[in-house]
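One structure is given here, and the rest of the page talks about it.
The values are calculated or read from the model by the stated rules, or taken from the named source; none is laboratory data. Nothing here was measured: the structure is a model prediction, and the numbers come from that model. In this analysis, Cβ positions are derived from the backbone assuming ideal geometry, glycine residues included, and neighbour counts consider all displayed protein chains. Accessible surface is based on the protein model in full, side chains and every heavy atom, while ligands, DNA and RNA are left aside. Shrake-Rupley method; radii C 1.70, N 1.55, O 1.52, S 1.80 Å.
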Amino acid sequence: MAERPALSIQDLTVSFDTPEGEVSAVSGLTVDVAPGETLAIVGESGSGKSQSFLATMGLLTRNGHTRGRAFLDGKDLLAMKRHELDQYRGRDISMVFQDPMTAFNPVLRLSRQLTETLCAHRKMSASQARARTIEMLARVGIPDPEKRMTMYPHQLSGGMRQRAMIAMALLCGPKVLIADEPTTALDVTIQAQILELFADLKREFGMALILITHDLGVVAALADRIAVMYAGRIVEQAACDELFENPRHPYTRALLQSTPRADMDEASLYAIPGQPPNLQRLPAGCAFMPRCSAAIDRCAASPPALETLESGHHTACFRARELKEIA
């Protein structure tokens, strides 16, 4: 019998009310992540990556609306009221936000912000929560954690704030950790340290890790599977090695071509032509068609469904089976 997914999102749709009308940010997203697995969600800014999982966590802005289901331990998070969801957030499912400076409360010391999670979810005493927090801060590589506990967020470097946020997300031993652009604005050395830390912690805790990023290079050594999003939809999903070696969607190929490599000179760096579509006025057909060199007339009529090509490789492209021969 197959192992039940740690998190199963089914037919998720996210939309926002705006003065100009409704914006559809995510359309029919379906994805699973297994215990101990790393799933990378990749795509350009505005593709719906972050909104998909903010919706799952019940953290959309007031003008946001969701439809669909998101099962954690057989319970539908999207059907829960806020007080019910609070029992799971921070305990069974946690999120590392893109900007730790704005995610932390600037007027509270780290000690207050980190220990309250344990007091609320694990019913620890203040002294127990403090000891556990110091232990976790040390585990994520923060030196002199007792001293850092007394500091305010602005007194930490960017790398330390990111580590402190990871520590806070891990304090209750979640089954699912969502990391939203965890290496953005960090220098290359710190990026490598954060990614290595995720790999170590995933092995240690056996949790499912969802890594949201725009950078395929970041996930190459860490992800087990990759789902590529464009204009609110998954357009390709495959095992990491398979996707890098055999991309079957033109957008995935374009992303790979535009990823800088050490052996590439500046003149050969590729840029995807055009701009992402306006989510208020999505075309009737494939949203990537205006930027796609492989487009045919059929692409303008209706969006291609996500189909299975080989075991575990899914692509939403009418020409996916012949893509190897497309110039």
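For the range 1-28: of the residues being within 15 Å of GLY46 (Cβ to Cβ) and not β-branched (Val, Ile, Thr), which is surrounded by the fewest Cβ atoms within 10 Å (Cβ to Cβ)? Let's see the steps before the verdict.
Taking the range 1-28 and keeping what is within 15 Å of GLY46 (Cβ to Cβ), we get 14-16, 18, 23-27.
Of the ones still in play, those that are also not β-branched (Val, Ile, Thr) are 15-16, 24-25, 27.
Details: SER15: 21, PHE16: 18, SER24: 16, ALA25: 24, SER27: 19.
The residue in question is SER24.
Here's the yes/no breakdown for (1) open to solvent by 50 Å² or more (accessible area, probe 1.4 Å); (2) assigned to a loop (DSSP other than H, G, I, E, B):
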position	(1), (2)
ALA287	no, yes
ALA295	no, yes
CYS299	no, no
PRO303	yes, yes
CYS317	no, yes
LEU323	no, no
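Under 6 Å between Cβ atoms, at least 6 apart or on separate chains: pull out the pairs that start in the range 197-211 with a residue that is among the β-branched types (Val, Ile, Thr) and end on any residue that is buried (at least 20 other Cβ atoms within 10 Å of the Cβ).
ILE210/VAL33; ILE210/LEU39; ILE210/ILE178
What's the total number of residues in the range 166-209 that are assigned to a helix (DSSP H, G or I), open to solvent by 10 Å² or more (accessible area, probe 1.4 Å) and either β-branched (Val, Ile, Thr) or in contact with a Phe, Trp or Tyr (Cβ under 6 Å, 6 or more places away or on another chain) (or both)?
Residues meeting the conditions: 3.
Do you know which residues across the range 65-77 are in contact (Cβ under 8 Å) with a residue 24 or more places away in the chain, of a type outside the set (Ser, Thr, Tyr) and either outside any strand (DSSP E or B) or out of contact with any Asp or Glu (no Cβ under 8 Å at 6 or more places or on another chain) (or both)?
Residues of the range 65-77 that are in contact (Cβ under 8 Å) with a residue 24 or more places away in the chain, as a first pass: 65-74.
Now drop any that are not of a type outside the set (Ser, Thr, Tyr), which leaves 65, 67-74.
Of everything in the range 65-77, those that are in contact (Cβ under 8 Å) with a residue 24 or more places away in the chain, of a type outside the set (Ser, Thr, Tyr) and either outside any strand (DSSP E or B) or out of contact with any Asp or Glu (no Cβ under 8 Å at 6 or more places or on another chain) (or both) turn out to be PHE71, ASP73, GLY74.
Only residues in the range 225-239 that are in a loop (DSSP other than H, G, I, E, B) count as the first member; pair them with residues that are crowded, with 24+ Cβ neighbours inside 10 Å and not hydrophobic (A, V, I, L, M, F, W, C), Cβ under 8 angstrom, at least 6 apart or cross-chain, and list the lot.
Going by the 8 Å Cβ cut-off, the qualifying pairs are ALA231/SER47; ALA231/GLY48; GLY232/SER47; GLY232/GLY48.
Which members of the range 142-165 meet the condition of being part of a helix (DSSP H, G or I) and open to solvent by 10 Å² or more (accessible area, probe 1.4 Å)? Don't jump to the end; show me each part of the working.
Start the filter on the range 142-165 by keeping residues that are part of a helix (DSSP H, G or I), which leaves 145-149, 153-155, 158-165.
Residues satisfying the conditions are PRO145, GLU146, LYS147, ARG148, HIS154, GLN155, GLY158, GLY159, MET160, ARG161, ARG163.
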